[in-house]
Amino acid sequence: MAGKALAVKLGGSLYPKLPDLIPVLRSSPVPLLIIPGGGVFADAVRDAHLIDDTAAHWMAVAAMDHYGLFLESLGLECTRDLAVPEKTSVLMVYCTLRKIDPLPHSWDVTSDTIAAWVAGRLGLDLLVLKSVDGIMAQGQMVETVNTPLETETVDASFLPFVLEKKIQTMVINGTISDRVVKYLNGEDVFGTRIGTTF
């Protein structure tokens with residue numbers, strides 16, 4: 001992985017850990033294109049009533065940009081360019097997705113699948129940072145996923161999407177900063193590998 005840019009989905013649940021995590025991301029030895037989750041901003045959309053799927057989809061995508069602005073306030077640079085990054089930056093996805101509109105408008109598609117779409121579009125591997133050790137299924141952490149399975153760790157469209165598009169994906173616990181550091185430095189870490197090409 002040395003020298004190769006990486007797409008990183010930064011889960012909204014990591015909000016309390018950002019003071020520890022942001023310095024790790026900023027000091028990455030490889031350029032990162034960070035795709036923010038929707039966090040509490042998307043939760044507000046999900047909890048609202050009388051919003052149809054299309055409106056909810058775009059409001060939730062806008063929530064990702066809101067989270068991105070918060071990350072910018074913590075010292076990360078933002079970009080609206082859908083391009084392989086030369087330096088670590090946060091992708092503001094709303095305008096790009098409004099223009100291209102590549103994904104279904106459903107709660108089966110959240111920032112997880114949007115991050116996978118970005119990675120696939122740019123030919124990047126994907127690192128998914130969650131507040132759990134990896135993909136959880138039936139109460140157990142799954143170390144390797146080669147076929148879709150039922151899980152609440154990621155949205156329902158995520159696993160079928162990354163497997164179909166053959167996006168090399170790793171899901172790890174972003175609350176453990178040392179684990180993130182090791183992964184970014186090319187070391188093997190505990191988590192879930194998705195796909196058959198590792």
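Hey, any hits in segment 38-60 for a residue that's part of a strand (DSSP E or B) and either among the acidic types (Asp, Glu) or within 17 Å of the chain's Cα centre (by Cα) (or both)? Please lay out each step first, then the result.
Taking segment 38-60 and keeping what is part of a strand (DSSP E or B), we get none.
No - not one qualifying residue is present in segment 38-60.
For segment 1-50: of the residues being within 17 Å of Gly186 (Cα to Cα) and of a type in the set (Ser, Thr, Tyr), which is surrounded by the fewest Cβ atoms within 10 Å (Cβ to Cβ)?
Ranking the qualifying residues of segment 1-50, first place goes to Ser27.
For every residue, the table says whether it meets (1) crowded, with 18+ Cβ neighbours inside 10 Å; (2) under 22 Å from Gly123 (Cβ atoms); (3) touching a residue at least 12 places away in the same chain (Cβ under 8 Å); (4) of a type in the set (Asp, Glu).
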{"position": "Asp52", "(1), (2), (3), (4)": "no, no, no, yes"}
{"position": "Ala55", "(1), (2), (3), (4)": "no, no, no, no"}
{"position": "Ser89", "(1), (2), (3), (4)": "yes, yes, yes, no"}
{"position": "Val93", "(1), (2), (3), (4)": "yes, yes, yes, no"}
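Which residues, counting only those in segment 1-37, are part of a helix (DSSP H, G or I) and among the small types (Gly, Ala, Ser)?
Pass one, segment 1-37, residues part of a helix (DSSP H, G or I): 12-26.
Scanning segment 1-37 gives Gly12, Ser13.
The rows are residues; the columns are (1) loosely packed, with under 15 Cβ neighbours inside 10 Å; (2) of a type in the set (Val, Ile, Thr); (3) without any contact (Cβ under 8 Å) to a residue 24 or more places away in the chain.
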| residue | (1), (2), (3) |
| --- | --- |
| Ile135 | no, yes, no |
| Gln140 | yes, no, yes |
| Lys166 | yes, no, no |
| Asn173 | no, no, no |
| Ser177 | no, no, no |
| Asn185 | yes, no, no |
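Residue under question is Ile114, and the condition is that it be of a type in the set (A, V, I, L, M), at negative phi and more than 12 Å from the chain's Cα centre (by Cα); does it hold?
Numbers: of a type in the set (A, V, I, L, M): yes; at negative phi: yes; more than 12 Å from the chain's Cα centre (by Cα): no.
When the stated conditions are applied, Ile114 does not pass them.
A short reminder: the numbers here are calculations on the coordinates, not readings from a lab. The model shown is predicted, which means the values in this text are computed figures rather than measured ones. Glycine gets a Cβ as well: all are built from the backbone with ideal geometry, and neighbour counts include every protein chain shown.
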